[in-house]
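> Before anything else, here's the structure in question.
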Amino acid sequence: MTRVTEGEAADPARVGQRCNTLLGLVPAVRSGGRSALNEDLRAVVGLLRSGVGDGAARMDERQGPTELTCAAAALALTRGRATDDRAAELLRRSGAYMVAMGEGILVEDPRATAPSRARCPPPTRRSP
């Protein structure tokens with residue numbers, strides 16, 4: 001891990017990259033990993049959790065709601081037995097960009113080039 005400035009830490013691309021790495025380690029965290037590597041695993045996961053949590057906390061919701069939800073998932077899935085207030089806060093902050101679709105939830109990205117129609121009411125039909 002390299003040292004980054006505050007602005008770089010809140011960069012959505014950097015937060016997203018660290019989230020993906022942390023999410024990739026979820027199976028190892030959940031299984032406990034190999035006993036010989038447990039200490040190293042905890043150290044790496046701790047550094048990544050810190051970077052993801054701090055970077056996402058500094059982000060503006062409009063800057064990257066998908067990265068905020070990814071950060072919340074990564075933090076929640078690697079928390080161990082403790083609760084994670086930061087994950088809950090990140091989900092709360094990105095809630096305005098969530099849209100329920102059947103049994104799932106989609107996250108709108110205001111940075112997308114095409115305007116989102118997920119929240120637009122359907123066009124009304126005019127009577128002939």
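Just so it is clear, none of the values below were taken in a lab; they were calculated from the coordinates. If you're wondering where the values come from, they're calculated on a predicted model, not measured in any experiment. Every residue, glycine as well, gets a Cβ built from its backbone with ideal geometry; the counts of neighbours run over all protein chains shown.
> What trypsin sites (Lys or Arg not before Pro) in the stretch 21-113 are in a loop by DSSP, with at most 16 other Cβ atoms within 10 Å of the Cβ?
Details: sites: R30, R34, R42, R49, R58, R62, R79, R81, R86, R92, R93, R111; in loops: R34, R79, R81, R111.
For trypsin sites (Lys or Arg not before Pro) across the stretch 21-113 that sit outside H, G, I, E and B with at most 16 neighbouring Cβ atoms in 10 Å, the list reads R34, R79, R81, R111.
> Please compute the Kirkwood hydrodynamic radius of the stretch 28-115 from all pairs of different C-alpha atoms, in Å with one decimal. Walk me through the numbers on the way to the answer.
Numbers: mean 1/r = 0.0701 Å⁻¹.
It is 14.3 Å.
> Quick check: pseudo-label points 7 Å beyond the Cα along Cα→Cβ at D109 and R79, how many nm apart are they?
2.6 nm
> Also, I was wondering about something else. Could you pull out the GluC sites (Glu not before Pro) across the stretch 18-117 that fall in loop regions by DSSP (anything but H, G, I, E, B) with no more than 14 other Cβ atoms inside 10 Å? Can you show the working numbers first?
Details: sites: E39, E61, E67, E89, E103, E108; in loops: E103, E108.
Sparse-neighbourhood loop GluC sites (Glu not before Pro): E103.
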